[in-house]
Amino acid sequence: MRDYKEYSVPELHLKAVIADITQLDCECIVNAANKTLLGGGGVDGAIHRAAGPQLVEECRTLNGCRTGEAKLTKGYRLKADYVIHTVGPVYGTPDAEKKLKDCYRNSLELARTHEIHSIAFPMISTGVYGYPRSEAAPAAFSAVRLWHQEHREYPMEILFCCFDEESFELLAGYMQQMKTEL
Ligand code: AR6
């Protein structure tokens, strides 16, 4: 883990890091998957390689996933107990921003349903699916913030697991801004 910024308000612990999500020691990591849920490149490929073949076996039982939705599996060989698989929108497709925000909201809701209190997100849709980081980062941040406003009673640690400096700087900036607003 190369860099690290964090911000806490009661019941919400937000962090931004630059790291390989497969190495994180938190209850749950989120996978930026595709609709088949049967693996792919990017972070999806890395998570499947690290989790081992049992992950795809469980994924086969899930009947895929629609864009913006989220499904939960165990983490198998990962340090994380669970993986939440969500499917981001391809940049430029209809309602992409709403669907990207849905990925964060639905993943957080699924985590809450399973009484998960720490979750790490990769920067969904910013690789193969072509979303500019400058647009994905504010969408991710505002979706997380809105979810927290609706669930202030629920203790949650949310990690933005960036793989590049630009995403990290953007998210760290939003966290700094949030600090000065409160
Ligand atoms: N840890 C954290 N972030 C990572 C890692 C990692 N190990 N590897 C890549 N990233 P992408 P998408 C970052 O392409 O755009 C797959 O083939 C990467 O730098 O993984 O949602 C799926 O099967 C980028 O910022 O996901 C789908 O077909 C971010 O993760 C499709 O790609 C997302 O990049 C999904 O595309």
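The values are calculated or read from the model by the stated rules, or taken from the named source; none is laboratory data. Every value quoted in this text rests on a predicted model; they were computed, and no experiment measured them. Backbone-built Cβ (ideal geometry, glycine too); neighbour counts: all protein chains shown. Heads up: the accessible areas ignore ligands, DNA and RNA and are worked out on the full protein's heavy atoms, side chains in. Shrake-Rupley method; radii C 1.70, N 1.55, O 1.52, S 1.80 Å.
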Quiz item: Percent of accessible area on the chain owned by carbon and sulfur, 1.4 Å probe?
Solution: 49
Quiz item: Where the only charges are on Cβ atoms (+1 Lys, Arg; -1 Asp, Glu), what is the dipole of the range 12-181 about its Cα centre, to the nearest 20 debye?
Solution: 320
Quiz item: Just going by the charge dipole of the chain, with Lys and Arg at +1 and Asp and Glu at -1 on Cβ, which of Thr22, Pro53, Ile119 is farthest out on the positive end?
Solution: Pro53
Exercise. Can you list which of the GluC sites (Glu not before Pro) found in the range 71-137 are DSSP loop residues with at most 14 other C-beta atoms within 10 Å?
Key: Glu115
Quiz item: Taking only the alpha-carbon atoms of the range 40-145, what semi-axes of the equivalent ellipsoid follow from 5 times the gyration tensor eigenvalues under a square root, in whole Å, largest first?
Solution: 22, 16, 13
Quiz prompt | Non-local Lys pairs in the chain, i.e. 8 or more apart or on different chains, that have alpha carbons under 25 Å apart | solution = 24
Quiz prompt | For the range 12-181, accessible area per residue (1.4 Å probe, heavy atoms of protein chains only), Å² | solution = 44
Quiz item: In terms of solvent-accessible area of protein heavy atoms at a 1.4 angstrom probe, what is the ranking of Asp164, Asp3, Asp44, Asp25, highest value first?
Solution: Asp25, Asp3, Asp164, Asp44
Quiz item: Accessible area of Tyr104, 1.4 Å probe, to the nearest 10 Å²?
Solution: 0
Self-check item: the chain: radius of gyration and largest Cα-Cα distance (Dmax), Å
Solution: 14.9, 46
